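The values are calculated or read from the model by the stated rules, or taken from the named source; none is laboratory data. Since the structure is predicted, the reported quantities are computational estimates derived from the model, not experimental observations. Neighbour counts are summed over all protein chains in view; Cβ atoms, including those assigned to glycine, are modelled from backbone coordinates with ideal geometry. Just so you know, the surface numbers come from the protein's heavy atoms only, side chains and all, with ligands and any DNA or RNA stripped out. Shrake-Rupley method; radii C 1.70, N 1.55, O 1.52, S 1.80 Å.
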Amino acid sequence: MVNQVLVPFEGEGAGVEELTWGQIGFWQGMEDTGQSATMGGVTELPPGITVDVVADGLRFSMGRHQALRTRLRFDPAGGRPKQVCSTSGEVPLEIVDIGADDDPAEVAEAVRVRYEELNFDYENEWPVRMAVVRSGDRLTHMVAVYLHLAVDATALDVLVADLLARDPETGAPAGPVTATQPLDQARQQRKPGARRTCDSSLKHLEHVLRTATASRFGEPKYRDASGFRQIRYRSPATAAAIQVIAAREGTNTSSVLLACFGVGLARFTGNSPVMAMLLVSNRFRPSFAESVSPLVQMSPYLIDVADATLSEAVHRAKASVLNTYKNAYYDPYLQDEVIDRVSADRGEEMDFSCFYNDRRAGDRGATDGPLPTAQEIRDALPLSGYEWEYEPDMSTRKLYLNVDDPPGAIDFVMSVDNRYFSAEDAVAVVQGMEAVAAQAAVEPTAPTGVRAPVALTS
């Protein structure tokens, strides 16, 4: 049985503004797919947590952060949507009562799936859905799912940390919110400094578009196939290898993984340079670090791994990703204009079907401790394994790779378009990235195995 309580909230700051550049990117994706982009999950609750405690935490967060009090307003004439932030309202908290024979974890997971599969009502619904599972008089689990227009992964971490930092006696916050919230972000976007940053990012985009080939994966190999599949490939060997490579090459593990991605994909497709859209956080910009808002934008990453050693590929990745990171703050609507213009000039449509997202939570620097030996890396290779997953909001791109960091491993979580990749192909791609990491750790001067195309002469 499902009941609902309405949790009232109040907070400072209200108004109507354009969407932030981070919000626009997520909104465009949701328009393309027709599916709300969300994030969240299930938390097992310790004994003693009551409905009032959960409701109080929800009330606190809603009042504290403008993004959670923001909905959309659509132009009847078909113009671009705006964000509308309110100072007060009521947000529902569901209470799911279960019987003695029900598995509370399974029920909580079913609620999570229901929340993720049902599109949000963007104009009338707050961008957070929350429920608790109750068995008898005890709460066992909490489910929270947030719309991506309100948060990204780091914003969710900030939200949780803010809750945990409350005074345990009074419930008072640890301090005022000092990070720039969405309404002010939208206003800042109109200022000269932000416009200059946007212009620079668009110039970088145009350079990449005029350098890369138009197609990422060629024509469909499996024309009769349909749909998408997702693999989670867990690789202890990759986790060990990237530490060795990063320490030796004087870089971080992010650049190393991007090199493994580029070489592995180029070996599979036979094409270099490799172009992928990277999800980049703009939280290094002033007053953005602790903002509860979406600050991730896509920026093109281009790497040529042909006729190079694996060590050289790592250094090329390091240089390329720096350009990607610093050119990821822009107006997505203007980005579309650049793409359309370059496509028209080239006489072919550019393919933005390859995506890469390093969403690891751990430290990305090289370790200061003892490094794995070559034998330990080789011994770890047989420990890899994979499973096929289904997610309601799975990407519908031709290839979308997420990188996770469970303890002692790297997870390559890759969704693919079945018209371009069979199940065997998907396994081969992620195994290829692992193979590059293991080889680069012990044979840095080995060639990538990718050759530049031979220019035809008349």
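Values for this structure:
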{"quantity": "On Cα atoms only, tilt of 423-442 relative to the major axis of the chain in degrees", "calculated": "70"}
{"quantity": "At R0 = 45 Å, FRET efficiency that the Cβ-Cβ distance of D345 and A77 yields, to 0.05", "calculated": "0.90"}
{"quantity": "Proximal aspartates and glutamates relative to K318, as straight alpha-carbon distance under 16 Å, when same-chain residues fewer than 8 apart are discounted", "calculated": "E249, D304, D358"}
{"quantity": "Computed magnitude of the charge dipole of segment 187-316 (debye, nearest 20; Cβ of K, R +1, Cβ of D, E -1)", "calculated": "560"}
{"quantity": "Approximate spin-label separation S215-A428, in nm, with each point projected 7 Å along Cα-to-Cβ", "calculated": "1.7"}
{"quantity": "I49-L118 FRET efficiency (beta carbon distance; Förster radius 30 Å; 0.05 resolution)", "calculated": "0.70"}
{"quantity": "Additional length obtainable on full extension of the chain from L322 to D102, 0.36 nm per residue less Cα span", "calculated": "74.1 nm"}
{"quantity": "Degrees between helix 51-64 axis and first principal axis of the chain (Cα, 0 to 90, nearest 10)", "calculated": "70"}
{"quantity": "Projected label distance in nm at N252 and M1, using a 7 Å step from Cα toward the beta-carbon", "calculated": "5.2"}
{"quantity": "In Å², nearest 10: area of M394 left accessible to a 1.4 Å probe", "calculated": "30"}
{"quantity": "Protection proxy ranking, peptides 84-91, 318-325, 174-181, average beta carbon neighbours within 10 Å, highest first", "calculated": "318-325, 84-91, 174-181"}
{"quantity": "Cα-based shape type of segment 163-246, given that a ≥ b ≥ c are square roots of the gyration tensor eigenvalues and the cut on a/c is 1.5", "calculated": "oblate"}
{"quantity": "Partners for K191 among lysines (Cα-Cα distance below 25 Å; same-chain residues under 8 apart left out)", "calculated": "K82, K203, K326"}
{"quantity": "Part-to-part distance (alpha-carbon centres) for segment 73-92 and segment 1-65, which is given in Å", "calculated": "15"}
{"quantity": "Percent accessible area from carbon and sulfur atoms, the chain, protein chains only, probe 1.4 Å", "calculated": "51"}
{"quantity": "Placed amide H near G89: partners under 5 Å, 5+ positions off or other chain", "calculated": "F9"}
{"quantity": "Residue list for segment 428-444, given a label point 7 angstrom along the Cα-to-Cβ vector of Y222 and an amide N cut-off under 16 Å", "calculated": "428-431"}
{"quantity": "Rounded to whole Hz, the Karplus (6.51, -1.76, 1.60) HN-Hα couplings of segment 165-176, x for glycine and proline", "calculated": "7, 5, 4, x, 8, 9, x, 5, x, 5, x, x"}
{"quantity": "For segment 169-229 and segment 386-458, distance of Cα centres in Å", "calculated": "23"}
{"quantity": "Solvent-accessible area of K82 with every protein chain in place, 1.4 Å probe, in Å² to the nearest 10", "calculated": "90"}
{"quantity": "Relative contact order computed over the chain (Cα-Cα under 8 Å; 6+ residues apart), in percent", "calculated": "20"}
{"quantity": "Helix 236-249 vs. the chain, principal-axis angle (Cα, 0 to 90°, nearest 10)", "calculated": "70"}
{"quantity": "For segment 104-116, 3J(HN,Hα) per residue [Karplus equation, 6.51 cos²θ - 1.76 cosθ + 1.60, θ = phi - 60°, Hz, x = Gly/Pro]", "calculated": "x, 5, 5, 5, 4, 5, 5, 5, 4, 4, 4, 4, 6"}
{"quantity": "M39 accessible area, assembled protein chains, probe 1.4 Å, Å²", "calculated": "40"}
{"quantity": "Y390-A174 pseudo-label distance in nm [points 7 Å out on the Cα-to-Cβ vector]", "calculated": "4.1"}
{"quantity": "Solvent exposure of the chain as accessible area per residue, Å², 1.4 Å probe", "calculated": "46"}
